[in-house]
Amino acid sequence: MQTPAPFEYERAGSVDDALALLERHGPEARLIAGGHSLLPMMKLRLARPEVLIDINDLDDLAYIRLDGDAIAIGAMTRHAELLDSPLLAEHHLVFREAERVIADPVVRNRGTIGGSLCQADPSEDLSAVVAALGAELVVRSRTGARTVPARAFHTGPYETVVGDAEILTEVRVPVRPGAGSAYEKVERRAGDWAIAAAGTFVTLDGDTVADVGIGLTAVGAPHFCAPEAEDALRGGPATEDRLAEAARIAAEHTDPSGDQRGPAEYKRHLARELTLRALRRSVARARGEGV
Amino acid sequence: MQVTMTVNGAEVTRDVEPRLLLVHFVRDHLGLTGTHWGCDTSNCGACVLWMDGEPVKSCTVLAAMAAGRSVRTVEDLARDGELDPVQQGFMQCHGLQCGFCTPGMLMTARHLLDRDPDPSEATIREAISGQLCRCTGYQNIVAAVRWAAEHPHGAAEVDDEAVTQSAPAAPGEGRSETEVSA
Ligand SMILES: Cc1cc2nc3c(=O)[nH]c(=O)nc-3n(C[C@H](O)[C@H](O)[C@H](O)COP(=O)(O)OP(=O)(O)OC[C@H]3O[C@@H](n4cnc5c(N)ncnc54)[C@H](O)[C@@H]3O)c2cc1C
Ligand code: FES
Ligand code: FES
């Protein structure tokens with residue numbers, strides 16, 4: 001039987017309450033959201049927090065709404081809600097396509113966007129999605145809130161800029177009128193983590209790529225993105241050759257490691273192919289073709 | 001610590017360690033052993049029960065996190081001695097062999113049918129995709145859920161059908177009530 005090491009349990013009633021608890025208990029305290037990354041790690045004793053602060057009562061952090069020129073997503077929004085959201089599907093189909101292949105429906109009832117991003121697993125799907133879309137993440141402490149670009153949020157595997165006494169409260173995804181987006185993932189079996197995955201968006205001005213975002217996961221792409229490939233594509237025509245060249249550049253900047261999910265070369269091949277497929281579909285969607 | 005929650009409609013209070021998992025709480029502290037405990041790693045779905053109306057893997061929820069919430073286990077499916085249509089479907093369609101995965105499958109199936117009374121085969125397969133059966137393969141499980149979709153009132157309809165289709169039915173012929181509820 002896998003049993004976590006003993007800990008003290010606290011339940012926060014509000015964000016302020018959670019921040020006060022974090023401060024009172026110090027660096028050995030951890031927040032628990034869906035618990036679907038943290039509890040498995042605690043069972044394996046890879047994590048041994050002394051205090052767990054349950055934030056599942058913070059219903060005011062579970063929302064997806066239009067807020068000015070961004071879609072604001074509360075940190076406690078569950079995968080299942082992201083998958084079902086008509087607002088997200090209308091603006092950024094990449095969310096729905098990624099959510100459809102994140103874990104399984106039962107796990108998706110618990111796992112949250114905040115937990116996914118803060119877990120910072122190098123294979124996390126939503127990390128690639130928010131990196132592709134150029135989202136901003138709102139992090140709160142007792143003294144105030146700061147906004148961190150998604151591409152500066154992760155500082156390494158399982159590491160983020162969120163401090164010991166801070167909480168990620170909101171993910172802000174820019175609304176990009178006319179954007180097409182898509183997610184492509186290869187996994188070993190239904191519900192598994194990615195061998196490799198790519199998420200992209202494209203906006204067009206006529207047939208010129210006005211803007212593009214490329215996110216990659218599980219392939220060691222720095223900050224889950226591919227800025228060199230975006231630069232190569234932005235400002236020129238959206239031709240198949242140029243999409244393929246961007247995909248090649250994206251793969252060139254990855255640094256996958258071989259493991260039980262496959263050898264590094266295979267993952268690099270996937271990074272290229274999946275980026276290309278996601279770009280193709282993003283362009284087609286930006287053109288208004290129903291794909 | 002003390003936890004109080006509603007389990008199958010009744011309030012329960014117990015003294016537990018904060019690290020106790022919900023699956024062990026319902027099995028060992030409440031004696032509700034219908035919920036099974038398999039992989040322990042959130043992968044097999046044998047431990048699926050409902051928390052606040054949603055299926056969850058109870059090996060990956062603390063009992064403490066369920067405090068103040070409402071839990072429903074497989075023991076609550078049958079009503080007044082009458083099996084839920086999904087349970088009847090599993091009997092009709094041979095949806096189980098050893099039965100280890102069955103409680104989790106039943107809870108997910110009931111939830112699916114409550115939201116989508118007429119799911120396609122693909123929808124059923126997607127709904128149970130986080131749950132493993134190592135005996136039957138999934139064909140019969142999917143058929144069982146379809147059976148339940150087609151018989152939302154369960155056996156009563158089977159009897160009616162048996163009567164209308166093979167009337168006059170000789171005793172013991174067709175799908176008798178004893179067979180259905182055995
Ligand atoms: C069987 C299985 C399959 C999975 N497959 C996939 C997959 O294919 N792709 C994928 O991307 N993920 C997958 N996951 C992970 C799943 O998405 C998790 O739910 C997610 O990684 C963590 O979310 P959580 O809410 O459960 O976080 P928790 O486990 O509660 O927390 C994770 C970490 O984040 C911290 N944290 C949580 N919320 C906040 C916050 N608001 N502010 C600051 N820190 C916070 C916690 O302290 C902890 O360190 C899988 C999980 C399982 C169990
Ligand atoms: S025992 Fe919970 S998923 Fe296997
Ligand atoms: S019936 Fe044996 S595991 Fe499914």
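Please give the solvent-accessible surface of residue B:98 in Å², to the nearest 10, using a probe radius of 1.4 Å with every protein chain present.
Only protein atoms counted, so the area is about 90 Å².
At a 1.4 Å probe radius, which order do B:29, B:94, A:36 fall into by accessible area, largest first?
The ranking, largest first, comes out as B:94, B:29, A:36.
Name the residues whose placed amide hydrogens come within less than 5 Å of the amide hydrogen of residue B:130, ignoring near sequence neighbours (fewer than 5 apart) on the same chain.
A:106
Subtracting the Cα-Cα distance from 0.36 nm times the residue separation, let me have the gained length for residue A:161 to residue A:23 in nm, one decimal.
48.0 nm
Can you give the accessible area of residue B:147, probe radius 1.4 Å, in Å² rounded to 10?
Surface open to solvent at residue B:147 totals about 20 Å².
If I stretch the segment between residue B:150 and residue B:135 completely, what's the gain in nm (0.36 nm per residue apart, minus their alpha carbon distance), one decimal? Show your work: numbers first, answer last.
On the way: separation 15, 0.36 × 15 = 5.40 nm, distance 2.46 nm.
Difference between extended and current length: 2.9 nm.
Using the Cα gyration tensor of region A:132-219, with a ≥ b ≥ c the square roots of its eigenvalues, what is the shape: rounded (a/c below 1.5), prolate (a/b larger than b/c) or oblate (neither)?
Because a/c hits 1.5 or more and a/b fails to exceed b/c, region A:132-219 counts as oblate.
For residue B:49, list long-range residues whose amide hydrogen, built 1.01 Å from N in the peptide plane, is under 5 Å from its own amide hydrogen.
B:56, B:58
Determine the total buried accessible area between chain A and chain B, counting protein heavy atoms only with a 1.4 Å probe; round to the nearest 100 Å².
Protein heavy atoms only, the A-B interface buries about 2400 Å².
³J(HN,Hα) across region A:167-176 via Karplus (A = 6.51, B = -1.76, C = 1.60, θ = phi - 60°), whole Hz, x for Gly/Pro?
For region A:167-176, the Karplus curve yields 10, 6, 10, 8, 10, 10, 9, x, 7, 10 Hz.
Students often check this: by mean Cβ neighbours within 10 Å, which of A:179-185, A:140-146 ranks highest, and how do the rest follow?
A:179-185, A:140-146
Which order do peptides A:197-203, B:100-106, A:159-165, A:19-25 fall in by mean Cβ count within 10 Å, highest first?
Result, highest mean first: A:197-203, B:100-106, A:19-25, A:159-165.
What is the calculated FRET efficiency for residue A:175 to residue A:245, with r their C-beta to C-beta distance and R₀ = 25 Å, to the nearest 0.05?
The value I calculate is 0.30.
Mind checking B:98-110 for the average number of partner chain beta-carbons within 10 Å of each residue's beta-carbon?
Taking all residues of B:98-110 together, the mean is 0.
For residue A:190 and residue A:8, compute 0.36 nm times the residue count separating them, minus their Cα-Cα distance, and round to one decimal in nm.
62.0 nm
Please calculate the 1.4 Å probe accessible area of residue A:84, with all protein chains present, and give it to the nearest 10 Å².
90
Averaged over its residues, how many other protein chain Cβ atoms are within 10 Å of peptide A:109-121's Cβ atoms?
2
Between rounded, prolate and oblate, where does the protein assembly as shown land on the alpha carbon gyration tensor, with a ≥ b ≥ c its root eigenvalues, rounded for a/c under 1.5, else prolate if a/b exceeds b/c?
Here the protein assembly as shown falls in the oblate category.
Per residue of chain A, what 222 nm ellipticity follows from adding -39500 (n - 2.57) for every DSSP H run with n ≥ 4, rounded to the nearest 500?
About -9500 deg cm²/dmol.
Quantify how strongly other chains surround peptide A:99-108 by giving the mean number of their Cβ atoms within 10 Å of each of its Cβ atoms.
Mean partner shielding for this stretch: 6.
Once amide H atoms are placed 1.01 Å from N in the peptide plane, what residues at a sequence separation of 5 or more from residue B:138, or on another chain, have their amide H within under 5 Å of its amide H?
none
Nearest 5 percent is fine: what portion of the DSSP beta bridges confined to the protein assembly as shown is antiparallel?
Around 85 percent of the beta bridges assigned by DSSP in the protein assembly as shown are antiparallel ones.
Please work out the FRET efficiency for the pair residue A:252 and residue B:80, using the Cβ-Cβ distance as r and a Förster radius of 60 Å; give the result to the nearest 0.05.
Between residue A:252 and residue B:80 the formula returns 0.35.
If the reach is capped at under 15 angstrom between alpha carbons, list the aspartates and glutamates near residue A:185, excluding any in the same chain fewer than eight residues apart.
Partners found: A:97, A:99, A:104, A:124, A:125, A:273.
Which distance in nm do the two modelled labels at residue B:10 and residue A:50 give, with both placed 7 Å along the Cα-to-Cβ direction?
Distance between the two pseudo-spin positions: 4.1 nm.
Can you figure out the FRET efficiency of residue A:142 with residue A:269, using R₀ = 45 Å and their beta-carbon distance, to the nearest 0.05?
0.40
Based on alpha-carbon centroids, what's the gap between region A:12-60 and region A:199-213 in Å, whole number please?
40
The values are calculated or read from the model by the stated rules, or taken from the named source; none is laboratory data. On a predicted model such as this, the values are computed, not experimentally measured, just so you know. Glycine gets a Cβ as well: all are built from the backbone with ideal geometry, and neighbour counts include every protein chain shown. We work out accessible area using only protein heavy atoms, side chains counted, and drop any ligands, DNA or RNA first. Shrake-Rupley method; radii C 1.70, N 1.55, O 1.52, S 1.80 Å.
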